[in-house]
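The values are calculated or read from the model by the stated rules, or taken from the named source; none is laboratory data. Since this is a predicted model, take the numbers as computed values, not measurements. Every residue, glycine as well, gets a Cβ built from its backbone with ideal geometry; the counts of neighbours run over all protein chains shown.
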Amino acid sequence: MFLYALFDKLNICSFVYYMYMQSTKKKVIDIIEKLPNDVEYNDIFEAIYLQQKIELGITQSEEKKGIPHEEVRKRFEKWLK
């Protein structure tokens, strides 16, 4: 829930690209600095984990290792009705 509020305040596309182009240490520092002062440990871990998964998805997409859109639609057909 917390991250949705954070991303509402940011332009998600520019944020993801900006974070993707930095060193890991700098990314973690930037993520933590963008969080409110009263943040819980779990929120910090969740934000870092989300960034890691986004980067993994971007890398897999660039390497053509992702699942094609049509395949995803087939797999999730029952939920998309």
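A few points about this structure:
- Pairs, first touching a residue at least 12 places away in the same chain (Cβ under 8 Å) and within 22 Å of Thr24 (Cβ to Cβ) in region 55-81, second aromatic (Phe, Trp, Tyr) and surrounded by 10 or more Cβ atoms within 10 Å (Cβ to Cβ), C-beta under 7 Å, six or more apart: Glu55/Tyr20; Ile58/Tyr20
Results for (1) at pLDDT 90 or above; (2) part of a helix (DSSP H, G or I), shown as yes or no for each residue.
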{"residue": "Asp8", "(1), (2)": "no, yes"}
{"residue": "Val16", "(1), (2)": "no, yes"}
{"residue": "Gln22", "(1), (2)": "no, no"}
{"residue": "Glu33", "(1), (2)": "yes, yes"}
{"residue": "Glu46", "(1), (2)": "yes, yes"}
{"residue": "Lys53", "(1), (2)": "yes, yes"}
{"residue": "Ile58", "(1), (2)": "no, yes"}
{"residue": "Lys74", "(1), (2)": "no, yes"}
